[in-house]
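A.B. asks: Handing you a structure now.
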Amino acid sequence: MKLLHLKEGTIAVISKITGGNGMAARMAGLGLYEGKKVRIIQAAPFRGPLLVEDILTGTRTMIGRGIASHVEIRDEEAR
Amino acid sequence: MKKPGEELVIALAGQPNCGKSTIFNAVAGFKVNTGNFSGTTVSFTETKVLLEGRTIRLIDLPGTYSISTHDIAEKVARDYLLSGTVDVIINVLDSSILARSLELTLQLIEMDVPMVIALNMHDEAVKKGVEIDVDKLVSLTGVEAYPIVAVQGSGVQELFEAALRVAKGNVRHIKPVYDKDVEECIERIAKRYPDALRQTWKIDERFVILRLLEMDEEFEKMAGEADRAFLEYVAENRRFLAEMHGWPEAGVFASHRHAIVLDLFERVAVVRSRSKPSLGERIDRFIINPVGGLATITGLIFAMFYASFSIGDFISGLLEKPLEALGSKVLGLAGGTAGMLLAGFYDGFTAGVGIVLPYLVPLLILLSLLEDTGLLPRIAFMVDGLLHRFGLHGKSVVPIILGYGCNVPAIMAARNLEYERDRMITMLIVPFISCSARTVVIFALAGKYLGAGYTTLIYLGNIAVALAVSFVLSRFHVDVSPGIIMDVPPLRRPYLHIIFKKVWARMLEFLMFAWPVIALSSIVLAVLSQVGIDGIINWVLAPVTSGILDLPKELGITLFFGIFRKELTLIMLNSALNTLDVASVLSPEQILVLVVFTVLYIPCIATVSTLWKEGGWKVALYSMALNTTVAIAVSGVIAYLL
Ligand SMILES: Nc1nc2c(ncn2[C@@H]2O[C@H](COP(=O)(O)OP(=O)(O)O)[C@@H](O)[C@H]2O)c(=O)[nH]1
Ligand SMILES: [Mg+2]
């Protein structure tokens, strides 16, 4: 499944970031890389970005939907 | 090592938003310089501080998430740290998000430059339930660490004393040890480390190898130039590692580092779960929500509006009488040519205090509040989707909002956009945004003579024009941008003393640079009209002023001077029209056309030169042509319709 399709409030683990090297590196800088647990806090209106929380640190990052469609996730667990 | 008495260079390095500038400002001397890194447009701030009898050059570097990066500003920060000029690094960490902050710390440790760790935002860490065992962190990294709260200045003194101590001693960093197979890999590569590289590059060898394993573009380029075969050998080893772990080649080394960072984090910190969400979080939940967010943004726009409108008007009114009294005294002092010059100077002088400042200050306060509370990225989040329809980007929001203060820093802020296409469109849109100088014109003309309704309309129309221009521009840059990735720091309460400092600094900037220009230009105008040159300028511009815009041709000179500073248009209006009551000479329709034109055409020389610096002369010329065309078209249509 893709991060793009994760429901608000559900926790999942990032399993793979496809897309170019640069994209993975930029996300890694913000603490989002393979193995990280994340949660979608909110999707912005007008098909805007997703607000993603890194469960470990509580840091929040907005990620455009195009990019979120390149992030694969596994192990969703409802909360 | 530097001798006592020699200037010591201390650099603040850390991830964006960790509080570097707050530390910088807490200790900064009275003289703060902004410079550019050689050969780039990336700027840094530096100041001289006297500490224990030594002069220290303190440098506030651009924020970097990681040492290996694609971002221009981040690369520059790294190059500076590696240049050998820095004696001590103060690595600033946001301790409330320690796990993420440590990524950079680990890389800095590997760089082997003397350093100390500032565990900033200690107050937030405590609130969040993050407990850090500082002694353990020190013993595991070999780097001195100090918990501080930069906004309150607590712990800052000890931090700098430690930095001085570290500058004298030897570096005893404990470098992280990777998995056995990674270490073996490093060892193999180290055996083949080319002499050519060793001689030209005075950088720690292990650090270079690690960067090469991480596929850092710049390091690969340097190493490749020295020895192609070596670079190929590194790649071979990396592929071997990647296959062994079943990870993609690009990420295999970074994955190992992430693991080490998490391990270090778990050893030095415990996170106790919090009891209930803080006030800030509850407010944040409201703002992040589409309904709450859009309500907040609308509220902010109106707040900005009415703050400038009513407060500005109020202060301006208070100052009117005393300034007039002063004027009648001053103007009586001299006659003839001297009197004329004096009158010109007086006009410019009073315009600065009486008209510009009252409107400027409320706007500056609001902008500082937006910056310091963390509302800017939240606004970006809300409007990113909407802006995409117009070919823009959520990240363009920051330059656009800053543009309401002044277009110059706004254009510089466009650097944060990673993609050339987004950056270009944003740089061309910003000059359409009504900066504080133009806001002054709007309020003083439209606000005074046309009323609040028209003023609002002009503002909204201004946004509409900017979006329309962006839409058209984006049709010419068909390559799509990949979208936004942006940090959203927590909401923070603003600190009055910090807001005050910021507003004060920006106001001083106005008083020192803009005000003299205004006063001087007023004198020049007085002289010009005495000699009759204004008539020539008016004649040259007449086809536009009276031809298309249906304005008196006497306004040509004031519009011309607006290119220097937009306030000048307003200030010179009175003398050009020879009256204090603009409404007695211009019809309301003409005032509207004048304001719209002033808002849309070339912002000012400072903005154009910034565009030149940031994007080259083509962009600067393109922007001037674009603004002039749009201004003539829009205000021409209004003049025609009314
Ligand atoms: N609560 C708290 N906030 C801080 C502290 N230090 C800085 N801040 C705030 O954090 C934000 C970012 O600080 P800034 O110095 O601009 O970060 P920079 O990007 O590293 O230069 C500002 O709103 C500061 O007021 C601190 O110790 N505690
Ligand atoms: Mg800063």
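The values are calculated or read from the model by the stated rules, or taken from the named source; none is laboratory data. It should be emphasised that the depicted structure is a prediction, and the values quoted were computed from it without experimental measurement. Cβ atoms come from the backbone with ideal geometry, glycine included; neighbour counts cover every protein chain shown. For the accessible areas, the whole protein counts, side chains as well, though only heavy atoms, and no ligand, DNA or RNA atoms are used. Shrake-Rupley method; radii C 1.70, N 1.55, O 1.52, S 1.80 Å.
A.B. asks: Mind checking the stretch B:101-177 for trypsin sites (Lys or Arg not before Pro) that DSSP puts in a loop (not H, G, I, E or B) and that have at most 11 other Cβ atoms within 10 Å?
C.D. replies: Numbers: sites: B:LYS127, B:LYS128, B:LYS136, B:ARG165, B:LYS168, B:ARG172; in loops: B:ARG172.
In loop regions of the stretch B:101-177 (DSSP not H, G, I, E or B), the sparsely surrounded trypsin sites (Lys or Arg not before Pro) are B:ARG172.
A.B. asks: Along Cα→Cβ, 7 Å out, is where each label goes; now give me the distance between the ones at A:LYS7 and B:TYR622 in nm to one decimal.
C.D. replies: Here the answer is 4.7 nm between the modelled labels.
A.B. asks: So which residues in the stretch B:68-105 end up with at least 10 square angstrom less accessible surface once the other protein chains are there, compared with the chain by itself, probe 1.4 angstrom?
C.D. replies: At a threshold of 10 Å² (probe 1.4 Å), the residues of the stretch B:68-105 that become less exposed are B:HIS70, B:ILE97, B:ALA99, B:ARG100, B:GLU103.
A.B. asks: May I ask what percent, to the nearest 5, of DSSP beta bridges between residues of the protein assembly as shown are antiparallel?
C.D. replies: Percent antiparallel among DSSP bridges in the protein assembly as shown is about 65.
A.B. asks: Among the listed pairs A:LYS37/B:LYS221; B:LYS75/B:LYS128; A:LYS2/B:LYS221; A:LYS16/B:LYS202; B:LYS180/B:LYS221; A:LYS7/A:LYS37, which have their C-alpha atoms separated by more than 26 angstrom in this model? Don't skip to the answer; put the middle values down first.
C.D. replies: Values: A:LYS37/B:LYS221 35 Å; B:LYS75/B:LYS128 32 Å; A:LYS2/B:LYS221 35 Å; A:LYS16/B:LYS202 37 Å; B:LYS180/B:LYS221 28 Å; A:LYS7/A:LYS37 14 Å.
From A:LYS37/B:LYS221; B:LYS75/B:LYS128; A:LYS2/B:LYS221; A:LYS16/B:LYS202; B:LYS180/B:LYS221; A:LYS7/A:LYS37, over 26 Å: A:LYS37/B:LYS221; B:LYS75/B:LYS128; A:LYS2/B:LYS221; A:LYS16/B:LYS202; B:LYS180/B:LYS221.
A.B. asks: If one takes the accessible area of chain B alone plus chain A alone and subtracts that of the pair, with a 1.4 Å probe, what total in Å², rounded to the nearest 100, results?
C.D. replies: Rounded to the nearest hundred, the buried surface is 3000 Å².
A.B. asks: Among all the aspartates and glutamates, which ones have a C-alpha under 16 Å from B:LYS448's C-alpha, if same-chain residues fewer than 8 places away are not counted?
C.D. replies: Once the sequence-local aspartates and glutamates are set aside, what remains near B:LYS448 is B:ASP313, B:GLU320, B:GLU567, B:ASP581, B:GLU589.
A.B. asks: In whole Hz and in residue order, list the ³J(HN,Hα) couplings for the stretch B:254-267 that follow from phi through the Karplus curve 6.51 cos²θ - 1.76 cosθ + 1.60, θ = phi - 60°; x for Gly and Pro.
C.D. replies: Running phi through 6.51 cos²θ - 1.76 cosθ + 1.60 with θ = phi - 60° gives 4, 4, 5, 5, 4, 5, 5, 4, 5, 5, 4, 4, 5, 7 Hz.
A.B. asks: How many percent of the accessible area of the stretch A:3-78 is carbon or sulfur, using a 1.4 Å probe?
C.D. replies: 49 percent
A.B. asks: Net charge near B:ASP284, counting Lys/Arg +1 and Asp/Glu -1 over other residues with Cβ under 11 Å of its Cβ?
C.D. replies: Neighbour charge sum, excluding B:ASP284 itself: +4.
A.B. asks: Please give the direction-averaged projected area of the C-alpha convex hull for chain A, in square nanometres with one decimal.
C.D. replies: One quarter of the hull surface, i.e. the mean projection, equals 4.5 nm².
A.B. asks: Could you grab the relative contact order for the stretch B:467-562? Cα pairs under 8 Å, six or more apart, rounded to a whole percent.
C.D. replies: Relative contact order here is 15 percent.
A.B. asks: Within chain B, what is the longest stretch that has no GluC sites (Glu not before Pro) placed in a DSSP loop and near at most 15 other beta-carbon atoms within 10 Å? Provide the component values of the computation, followed by the final result.
C.D. replies: Values: sites that count: B:GLU6, B:GLU7, B:GLU52.
Excluding the exposed sites themselves, the longest stretch runs over B:53-642.
A.B. asks: Hey, what angle do you get for helix B:217-226 against the long axis of chain B, alpha-carbon based, 0 to 90 degrees rounded to 10?
C.D. replies: Result, in degrees: 60.
A.B. asks: Tell me the carbon and sulfur percent of the accessible area for chain B, rounded to whole percent, probe radius 1.4 Å. Display every interim value, and only then the final one.
C.D. replies: On the way: 18040 of 28370 Å².
So the carbon and sulfur contribution to the accessible surface is 64 percent.
A.B. asks: For the protein assembly as shown, what is the accessible area per residue in Å² when the probe is 1.4 Å?
C.D. replies: Heavy-atom accessible area per residue stands at 44 Å².
A.B. asks: Which percent, nearest 5, of DSSP beta bridges in chain B are antiparallel?
C.D. replies: Bridges in chain B that DSSP calls antiparallel: roughly 45 percent.
A.B. asks: Sequence gap at least 6, Cα distance under 8 Å: using those rules, report the relative contact order of chain B to the nearest whole percent. List each step's numbers first, then the result.
C.D. replies: Details: 911 pairs, mean separation 62.5, N = 642.
Relative contact order for chain B comes out at 10 percent.
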